[in-house]
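Quick note: the coordinates plus some simple rules give every number you see, no bench work behind them. The structure displayed is predicted, hence computed values, not measured ones. Neighbour counts run over all protein chains shown; Cβ positions are idealised from the backbone, glycine included.
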Amino acid sequence: MTDLPISLLRTFVVVSDTLNLTVAAKQLHRAPSTVSMQLSRLETLVTVTLLERAQYGVKLTAAGEELRSHAHQLLGLHDRILGTFLNAGIKGKVRLGTHDHYVTESLTPLLQTYALSYPEVRLEVVCDYRPHYLASLVADGELDIALVDMSSLSGIGLCLGHDQLVWVKAEAHPLQPSAPIPLALLPEGSLGRDEALRLLKQYNLPHRVAFTSHSWTSILAAVRAGIGIGVIPKMALESGMIIIDEGLPTLPQTENTLIVSTHINEATTRLVSTIKESLFQLRSGSN
């Protein structure tokens, strides 16, 4: 009987959950070509077609839907078994603060794997769009770790990589040049909003906030719907969006910043190491 490698099933599950090879490759920290090769190898082993190309990504075949259900169960059991035997002595509580876009992108598979690998650890996650607020929670001892975007050279925390804030608009519903410029932004205190409004005021460019939400997902949906221009990290750019290169001031660089409390337990130390390694691999894969 043929054995199915766990690594191939893990790749398939991420692709089947995202239905987008580019997004899946980012989460897996692999090149899209490597992901495609792994999927082809898995299809050869099971002797059926699991995925079909769609207009904006991929879609599962009937066989793919069935395998997705089984693969989720198998991977969960596999990770729990390893975690039970390898990390039985790691216990305690880990309190992580981060931005929405990290949770919806690179942190999702990382946190899922961490929770399964350390079954005795109580993981608590707080999402907030305000980097300085999350940093203050770490300083006050209310969080153990914060993974945030800060202004370059902020001098706070450990820089794990650099990014660039960019103006984006919808590909399907491009906004016509007009004044005031309509914007879709997070509330006051978010790095993107504060920098965007500062620059527009500095260059005397008329603007208005057309859409405001605490939810990163809602902001992206508003941009795709053509309601307003958004301000996002370049690494968070999604299909259906276009970077605006002309007519607006250049936004600043940002740093992917990891802030760690002075006194942390072993469970927190393990998560810090995992985040550092994951972010390093993600940046290396994007070069």
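Just a few scattered comments:
- When only Cα pairs below 8 angstrom with a gap of at least 6 residues are kept, region 6-86 shows a relative contact order of 31 percent.
- Inter-centroid distance (Cα atoms) of region 140-158 relative to region 189-266, Å: 18 Å
- Every helix of 4 or more DSSP H residues in the chain counts as -39500 (n - 2.57), and over all residues that averages to -14000 deg cm²/dmol at 222 nm.
- Summary value for the chain: 21 percent relative contact order, contacts being C-alpha pairs under 8 angstrom separated by 6+ residues.
- Looking at region 162-254, the DSSP beta bridges with both ends there are about 55 percent antiparallel.
- For the chain, the residue among Leu51, Ser215, Leu248 whose Cα projects farthest onto the positive side of the dipole built from Cβ charges is Leu51.
- Using a simple spin-label model with pseudo-atoms 7 Å out from Cα toward Cβ, His72 and Ala139 lie 4.2 nm apart.
- Exceeding the 30 Å Cα-Cα cut-off - candidates Lys59/Lys91; Lys201/Lys234; Lys26/Lys93; Lys59/Lys169; Lys26/Lys201; Lys91/Lys276: Lys59/Lys91; Lys26/Lys201
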